[in-house]
1. At 1.4 Å probe size, with every protein chain present, just tell me what the per residue accessible area of the stretch 7-100 comes to in Å².
2. For the residue pair Glu14 and Glu27, what label-to-label distance in nm results when each label sits 7 Å from Cα along the Cα-to-beta-carbon direction?
3. Please list His98, His53 in order of solvent-accessible area, largest first, computed with a 1.4 Å probe with all protein chains present.
4. Which value in nm describes the separation of the simple spin-label points at Glu41 and Glu87, placed 7 Å from the Cα toward the beta carbon?
5. Could you list the trypsin sites (Lys or Arg not before Pro) in the stretch 19-68 that lie in coil according to DSSP, counting only those with at most 12 other Cβ atoms within 10 Å of their Cβ?
Amino acid sequence: MFKWLPHKEQEMCERKLTRVMKRLKIENFNFNWDRSSCFIEFSYQEKSYKMEHSVLKAKKKGIILRNGLDCLLELIQSLEDLCEIIERGTYKLETWLHGMKQSSAAEEIPEYEEEFHIRYKTLRKQKTESNRNEDFVQVAPEASLRNFNRAQILQRTERE
């Protein structure tokens with residue numbers, strides 16, 4: 001009978017992280033995980049960096065993770081991929097860290113604000129293009145309009 005050891009997965013994760021940090025030549029690092037998130041903090045060339053991941057972030061991308069330990073495993077996998085890139089000679093760690101610092105400083109536009117701009121730019125564009133037919137406003141995507149007789153739709157809008 002198979003006996004599942006809850007700490008075995010955690011020990012394996014810690015060993016993997018230690019090996020990856022040695023490959024990256026990072027001596028000082030700290031990590032932690034909880035029920036729904038994790039982080040890895042490290043120092044490189046006297047600057048501190050922090051990587052974070054959570055079940056919620058993964059869910060927004062369509063990835064299902066059980067807990068913070070799964071999140072930590074995902075971060076470790078990303079660091080392993082980075083090790084391979086560095087070992088191939090494609091990029092140096094400094095290049096990646098510089099990009100990481102800049103991307104975390106950039107402000108993200110909230111999803112609803114981006115949607116707001118896209119939606120109203122589209123309506124404004126439709127209105128200027130359809131000045132000759134002002135009574136007809138397209139409310140469905142073009143593909144769904146193919147299912148109906150366009151002449152009947154136009155007649156209905158003219159009557160109303």
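The values are calculated or read from the model by the stated rules, or taken from the named source; none is laboratory data. Predicted model only: the values in this text are computed from it and were never measured. Note: ideal-geometry Cβ built from the backbone for every residue, glycine included; neighbour counts use all protein chains shown. For the accessible areas, the whole protein counts, side chains as well, though only heavy atoms, and no ligand, DNA or RNA atoms are used. Shrake-Rupley method; radii C 1.70, N 1.55, O 1.52, S 1.80 Å.
1. Each residue of the stretch 7-100 exposes 68 Å² on average to a 1.4 Å probe.
2. Between Glu14 and Glu27, the simple spin-label model gives 2.2 nm.
3. Ranking His98, His53 by accessible area, largest first, yields His98, His53.
4. 2.9
5. Lys25, Arg35, Lys61, Arg66
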